[in-house]
């Protein structure tokens, strides 16, 4: 599995993670090309359904980026996102994908270096976990 | 509304068995409001089942449909075009009524995805509580709008009983004593004298006695 390149989807709040990613780019920081960023109006908009859909469509790992707790632009969106992520992690455990493939991170828009760090850490984590059971072809059993 | 709760995923998976193609049918009524069986829950459940089965190497095809209501024949009829020969079973995310309506109308194996719990309402987002015992003969006018039939653990009509401690029910310390609530409310409304009247035993023949109940309104019948 040495050549395994995980496919990772980030559902990121427009106000923090998305700006942090922008900053990481402006700072010329390297982070893995495995991550694909989807802009959300707020992390709280991230529904259980889209998280599942990401896995169903081939993601090996997914994470949600919301503002620092207490700093949500919409007051409580990130707290709600946290609850939804917790719910979907449990669901992923039940259906055999593994809840550890989904996480939530809290960033602020000034945390460009941290954004790159999170992307690297999560990519490494998923690389160690290996491909999602859905992406292993016929030998997943 | 009727409040329902989704069965554990493992149980639903077992009910589906070896089916290859299923209709996942939501209901736009009560179960949408109590976040158990609306369009969104249909999407999440169907995706979870598909992923589980794909992982097991036994892919499942799902067709997602959410009817306006599953307890009305005219809406149940709208499912007809989706009930094709290759559909192995119908998974209904309605209350027990909807499941039965689908089973009556279509010659398919119909399984419930929810457990129907009670008639109640939400007390905060994500929390629902039983409020009506569906006893068939409302007595809320006697008790200040608080139902002793369902909110009193003993359903007594001349309460409170000796188990009422500091306004709580002895059955569960989290449950307020319905008769304490009734007393407090009647006192606040200046109607304590109404409680002096002894209530005779309730006529339960309006409730679950004598088989399924029926309401007939000739004035609105078409035929």
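The values are calculated or read from the model by the stated rules, or taken from the named source; none is laboratory data. These numbers come from a predicted model, not from an experiment. Don't worry about glycine lacking a Cβ; one is built from the backbone with ideal geometry, like all the others, and counts go over all protein chains shown.
Let's see how each residue does on (1) under 23 Å from residue B:10 (Cβ atoms); (2) modelled with pLDDT of 95 or more:
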site	(1), (2)
A:79	no, yes
A:86	yes, yes
A:91	yes, yes
A:107	no, yes
A:120	no, yes
A:125	no, yes
A:139	no, no
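Looking at the stretch B:48-71 only, could you name the residues that are under 23 Å from the mean Cα position of the chain (by Cα) and loosely packed, with under 15 Cβ neighbours inside 10 Å?
Of everything in the stretch B:48-71, just one residue is under 23 Å from the mean Cα position of the chain (by Cα) and loosely packed, with under 15 Cβ neighbours inside 10 Å, namely B:68.
Every residue in the stretch B:20-33 that is part of a loop (DSSP other than H, G, I, E, B) and either surrounded by 23 or more Cβ atoms within 10 Å (Cβ to Cβ) or outside the structural domain of residue B:114 (by TED's automatic domain parsing) (or both), please.
B:29
Looking only at the stretch B:17-37, how many residues end up being within 18 Å of residue A:53 (Cα to Cα) and more than 14 Å from chain A (Cβ to nearest Cβ)?
0
Taking the stretch A:47-71 as the search range and keeping residues that are free of Cβ contacts under 8 Å to residues at least 40 places away in the same chain and more than 14 Å from the chain's Cα centre (by Cα), which one is nearest to the other protein chains (Cβ to nearest Cβ)?
A:49
Name the one entry in B:54, B:40, B:14 that is over 24 Å from residue A:133 (Cβ atoms), assigned to a helix (DSSP H, G or I) and within 14 Å of chain A (Cβ to nearest Cβ).
Step by step, each of B:54, B:40, B:14 is checked, and only B:40 is over 24 Å from residue A:133 (Cβ atoms), assigned to a helix (DSSP H, G or I) and within 14 Å of chain A (Cβ to nearest Cβ).
Counting just the residues of the stretch A:72-102 that are within 14 Å of residue A:44 (Cα to Cα) and within 14 Å of the chain's Cα centre (by Cα), which one comes out farthest from the other protein chains (Cβ to nearest Cβ)?
So the residue we want is A:78.
Quick check on residue A:136: is it closer than 24 Å to residue B:126 by Cβ, within 14 Å of chain B (Cβ to nearest Cβ) and surrounded by fewer than 21 Cβ atoms within 10 Å (Cβ to Cβ)?
Considered against the rule, which asks whether it is closer than 24 Å to residue B:126 by Cβ, within 14 Å of chain B (Cβ to nearest Cβ) and surrounded by fewer than 21 Cβ atoms within 10 Å (Cβ to Cβ), residue A:136 comes out as no.
Which one of these does residue B:222 not meet: (1) modelled with pLDDT of 95 or more; (2) more than 25 Å from the chain's Cα centre (by Cα)?
For residue B:222, the exception is condition (1).
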